[in-house]
């Protein structure tokens, strides 16, 4: 495992740490690295990070970890200079001038990844505090964050630098406890250790997991650690003896080139197994474990026979994943044996090909280890496997440009990851636009999309988005998509799902228009047949339709025989026996009872509503207009809005009049102009009170001694309204009063 460095106490210790930093480098590279360290020392001085750790100590600790991973000199320089951009706004330029473009790009990549930290922290905080996101949504978002982290960099070394930085932070917290360390530990287990696992960076994975587990569950950690430490030397001696005995037996059987080694079991993995199997520490069989790697399958079974001959197999602990591979094509022999002294030993046996497949194969063994089963993940698995292979070649990659070239072959560039203003990560196909983004977040947001801001700047809706950008959608309160969005040449939509939703909106709009047209035709046919109060649903069934809407659509499309309809409509059995012929309408939402006496010459059970623009009341002359999806809107005959609607769609105009049951209240607007004085509003309000008129809205304005007042009131009829207008006109100072 990479050696631990918490801080550099004095300059006298520098050479000791520098020897670790420069291990394995050529003389010229050692000189470059020394210059970078000296430059960083001058810039950092006594500056500290948000964790409280000195930047200088963090940089050196991070660089030693990178050196332990055997990465090149550019990676080590970038680790030392990681915080320069935060200290100097021209830091990237200076690094490029002093240490070259590759090192500068790595430092820039680290800075870019730091933008993920508050986002990830926000999800972890929501999880800890019982936030709004449910567990499934949390897991999905963290998975997208992991993919976004890989997609945001142009070089896999940047990810390793980020993992090294997080490892150093946890080491610092181990030496200097802080209230934030539990949150950092949770974030590490959710985001960073799975990445280290997928990339096969075991040195960091184990340490990230163990330290995080130590912070989150200190008592459990101490208990397991104590049980491991009590017999550590004895366990190590036991493993060494087991390796010797197996090797001797294999060589005696003619298997000379087998590799046998002990597999260290770490505290977090032991706890995971205890938790998943519901067992105590003493029942975890792989605390002591061996792995045997041989040349071919025949040797695997030979080795298995030798192991079972040396020790007693534990029942139900043998799995033959060679003859029956796992679903991810993982192949190996797993067995657990009991030694004469009662101790257990777990053993894995596989060929070199199986071992390579398990560590680097496209089957993504990590996905099974983590229990992740995301659909459509094959491409991602292949890229992770390619990145693993790239990391195994790090000793052979001499030129930093080779790193970038190899990484781009595995770049996750088929998907982009963008952020909502709230920090949620949204994954989209490459080339997606703000319109695609809006529909991915919510269908209604897409329908009402009118503009977009990327990074706070307004952009055209056909702009191609890039990973890491924050996108804010500018919306209208009402409305729908533009037909231009469906034009491929304009480039507004790139995703199939968004295009489907836009087409569905227009299809639904066309259906509403068809229904409105058909409803109008049916009403007029009933009117022509001299039928009022006909039950439309019953009429539709008599005509062979399942429901009234089907009949409306057929009428609008000309698929209904009018003569047959009139013959059926004149049948007496279609009249609604329980419905009075002079009151055929349902109650609108506002006012409550205002249209109970509206006579629609046509059908019953048809939604009606009094228009808010003119607020008709008996005995106003009224007209009906068939709306889309909201039934019939009742207007005053002199309403300008109705005149405009009737001119545009004369086929939707319905003959309407007040029926015999005009009970309830109706809304009306009263406008008062007066000379402003103290007590004017009080005197007018007293009139409303005496007349028992409910006031539902008031708006008053006073300017240069003139008062303009608007009242929305509820009245029983026009006679009551006229009497109220007369009384208000008599109030002192009132110049004029009228119904709006």
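The values are calculated or read from the model by the stated rules, or taken from the named source; none is laboratory data. Note that the coordinates shown come from a computational prediction; the quantities given were computed from them, not determined experimentally. Cβ coordinates were reconstructed from backbone atoms using ideal geometry, including for glycine residues, and neighbour counts include every protein chain displayed.
Summary table below
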| item | result |
| --- | --- |
| Among (1) outside the structural domain of residue 636 (by TED's automatic domain parsing); (2) in contact (Cβ under 8 Å) with a residue 12 or more places away in the chain; (3) in a helix (DSSP H, G or I), the one test that residue 646 misses | (1) |
| Test: residue in the stretch 448-462 that is modelled with pLDDT of 90 or more, within 19 Å of residue 503 (Cβ to Cβ), assigned to a helix (DSSP H, G or I) and touching a strand residue (DSSP E or B) at 6+ places or on another chain (Cβ under 7 Å) | no |
| Helices (runs of 4 or more DSSP H) fully within the stretch 172-257 counting 2 or more residues that are over 30 Å from residue 160 (Cα atoms) and in contact with a helix residue (DSSP H, G or I) (Cβ under 7 Å, 6 or more places away or on another chain) | 232-252 |
| Qualifying residue in the stretch 522-541 (condition: loosely packed, with under 13 Cβ neighbours inside 10 Å, in contact with a helix residue (DSSP H, G or I) (Cβ under 6 Å, 6 or more places away or on another chain) and free of Cβ contacts under 8 Å to residues at least 60 places away in the same chain) | no |
| Flag for residue 692 being surrounded by fewer than 20 Cβ atoms within 10 Å (Cβ to Cβ) and at pLDDT below 80 | no |
| Odd one out for residue 563 among (1) modelled with pLDDT under 75; (2) part of a helix (DSSP H, G or I); (3) touching a helix residue (DSSP H, G or I) at 6+ places or on another chain (Cβ under 9 Å) | (3) |
| Qualifying residue in the stretch 268-281 (condition: modelled with pLDDT of 85 or more and not in a loop (DSSP other than H, G, I, E, B)) | no |
| Of all residues in the stretch 703-724 being exposed (fewer than 13 other Cβ atoms within 10 Å of the Cβ) and in a strand (DSSP E or B), the one that is modelled with the lowest pLDDT | 703 |
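Residue-wise test of (1) outside any loop (DSSP other than H, G, I, E, B); (2) loosely packed, with under 14 Cβ neighbours inside 10 Å; (3) more than 43 Å from the chain's Cα centre (by Cα); (4) at pLDDT 70 or above.
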{"site": "299", "(1), (2), (3), (4)": "yes, no, yes, yes"}
{"site": "349", "(1), (2), (3), (4)": "yes, no, no, yes"}
{"site": "358", "(1), (2), (3), (4)": "yes, no, no, no"}
{"site": "368", "(1), (2), (3), (4)": "yes, no, no, no"}
